[in-house]
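The values are calculated or read from the model by the stated rules, or taken from the named source; none is laboratory data. Being a predicted model, the structure only gives us computed values, none of them experimental. Don't worry about glycine lacking a Cβ; one is built from the backbone with ideal geometry, like all the others, and counts go over all protein chains shown. When the accessible area is computed, the model is the full protein with side chains, heavy atoms only, and any ligands, DNA or RNA have been set aside. Shrake-Rupley method; radii C 1.70, N 1.55, O 1.52, S 1.80 Å.
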Amino acid sequence: MSELIPPIRGMNDILPDATPRWHQLETVTRAVLAAYGYREMRVPIVEKTELFARSIGEVTDIVEKEMYSFEDRNGEHLTLRPEATAGMVRAGISNGLLYNQVQRLWCHGPMFRHERPQKGRYRQFHQVDVEAYGLAGPDIDAELNIMLARLWKALGVSALELQINTLGTPATRQRYRKLLVEYFRRHLDALDEDSRRRLDSNPMRVLDSKVPETRKVVEGAPSLLDHLDAESQAHFAEFQKLLDDSGIRYRVNPRLVRGLDYYTRTVFEWVTTRLGAQDAVCSGGRYDGLVELLGGKPTPAIGFAMGMERMVALMEAEGVSVPDTAPHAYLVRVGAEAERAGLRLAEQLRTALPGLRLLVDCSGGDFGKQLKRADKSGARVALVLGDNEARKHEVGFKPLRNTTEQVSISWDLAVARLAAWVQ
RNA sequence: GUGGACGUAGCUCAGCUGGUAGAGCCCCGGAUUGUGGAUCCGGCUGUCGUGGGUUCGAGCCCCAUCGUCCACCCCA
């Protein structure tokens, strides 16, 4: 044997036992998004590095130390996307989708961040990314979360809490930032090292600190909610009213600060207590300035990203059942005539019954061996074909999950029997 | 990037104060030459993560390295 080539750290293979769960998540998500008028778009996984640097923010952790960046053969600086919004906006502008138009769009696929892997955090991970463009009012903010509440219900998960906050306009945020920095500077001694560092790079993140000492200081800090401009305040109030109307429960979390620079006004996060430290399953917010920042016409926008690995983990944790993917029937063949006839029978069944999952034993052996495999496959029934049956155009119909006797029936009748199990 | 725990068969794991590697599951064969499940019998599989070092001798001790997990940081 040759030398083994190991997989890349933090990048997972999603194995056949796991894919039914992923399909379930994708299928349900697709249906809910369609019900709200969202259309799928597919964009490249690689973009120019500049796109992410400009949109996410030069001084964010993502851009400073987490991106998979490289030079291609032409010397262009490219990056594996660390998030989807920048590419979606770029594609929207490139293709004229965002000019004076309302668009409800979504995409899904892999994202890449060079972080230390842990539970719910990987270097290649997958997101469903949803974006609404051209809508400035709080009703779309609310609708997105109403839609998410419906999605959670459809997926069968309940251990999620909605947290909301507002960051105001860039102008108010800047003013507030100043106040905040001044306040923290007065209490510098009480701040931990990380928080001191953040004071220069991203002071609002200090509000999110988990260090007890720092938390005490944070409690006395000025709140952004008290320094909002009137319009942002009204927007946030209306957003909450609409959530109330829909019976969506939420908690205002003044410390909720998104890590990406482009967020404005409404931000939100659906969190769970069931997944350890990486508790945010879905989060997003408004980014009214991003389209313009990337060279488009000023366009209000709001969106969110759902972490698929985290959602899959939550579904597992909550014991959501997975659709059965075991074969409906397992065909065993013994004898030269039966072997040939069996393949014809299998094709007839598949033609007559779209959706039928039929496995033909091609490993050989006597009836005992093949039936053992039939049982292991999880099939409901074994179709038993020997030369005797083949000559008479019949097949043994042997239920494997109850004690019903095997019967010999015509091929046509086999179609009718199996039809009941195929949707 | 920081800290801690852990890497032994395909999987889950045991392996004593350092003495030449084991169990269960899985898989394969048989009991059962046209019939699965339960039971019984037999069998296969190991760069002990990798590379060094200490030692007469290393799965065990030391160093380095890679990986996994958990937490920090950050975030989906």
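What to note about this one:
- Whole-Å distance, taken between Cα centres, linking segment A:371-420 and segment A:208-284: 59 Å
- Sequence-distant aspartates and glutamates (8 or more away, or on other chains) whose Cα lies within less than 13 Å of A:LYS241: A:ASP139, A:ASP141, A:GLU143
- Averaging Cα coordinates gives a centre for segment A:45-87 and one for segment A:342-366; these two points are 49 Å apart.
- A simple spin-label model places pseudo-atoms 7 Å from Cα toward Cβ; at A:ALA420 and A:ALA234 they are separated by 6.5 nm.
- Nearest-10 value in Å² for the accessible area of A:GLU337, using the 1.4 Å probe: 80 Å²
- Accessible area of chain A belonging to carbon and sulfur atoms, whole % at 1.4 Å probe: 50 percent
- Assuming charge only on the beta carbon of Lys and Arg (+1) and of Asp and Glu (-1), the dipole of segment A:329-419 about its Cα centre is about 320 debye to the nearest 20.
- Net +/- balance of residues flanking A:GLY295 in space, Cβ distance below 13 Å, scoring K and R +1, D and E -1: +2
- About its Cα centre, the dipole of segment A:40-153 is roughly 440 debye, where the only charges are +1 on Lys and Arg Cβ and -1 on Asp and Glu Cβ.
- Solvent-accessible heavy-atom area per residue, rounded to whole Å², over segment A:267-356 at 1.4 Å: 39 Å²
- Dipole of segment A:1-85 [Lys/Arg +1, Asp/Glu -1 at C-beta], most positive-end residue of A:THR27, A:ILE5, A:MET41: A:THR27
- Global form of chain A, assessed from the alpha-carbon gyration tensor, a/c cut-off 1.5: prolate
- Excluding same-chain neighbours fewer than eight residues apart, the aspartates and glutamates reachable from A:LYS372 by a Cα-Cα span under 13 Å are A:ASP361.
- Charge dipole (debye, nearest 20) of chain A; +1 at Cβ of Lys and Arg, -1 at Cβ of Asp and Glu: 480 debye
- Cross-link partners for A:LYS369 among the lysines, with Cα-Cα distance under 26 Å and sequence neighbours closer than 8 places in the same chain left out: A:LYS392, A:LYS398.
- Cα gyration tensor, segment A:329-419 - rounded (a/c under 1.5), prolate or oblate: rounded
- Ranking A:LEU371, A:GLY289, A:GLY168 by how far each Cα lies toward the positive end of the dipole of chain A (charges on Cβ) leaves A:LEU371 at the top.
- In the context of the full set of protein chains, segment A:1-125 has a per residue accessible area of 59 Å² (1.4 Å probe).
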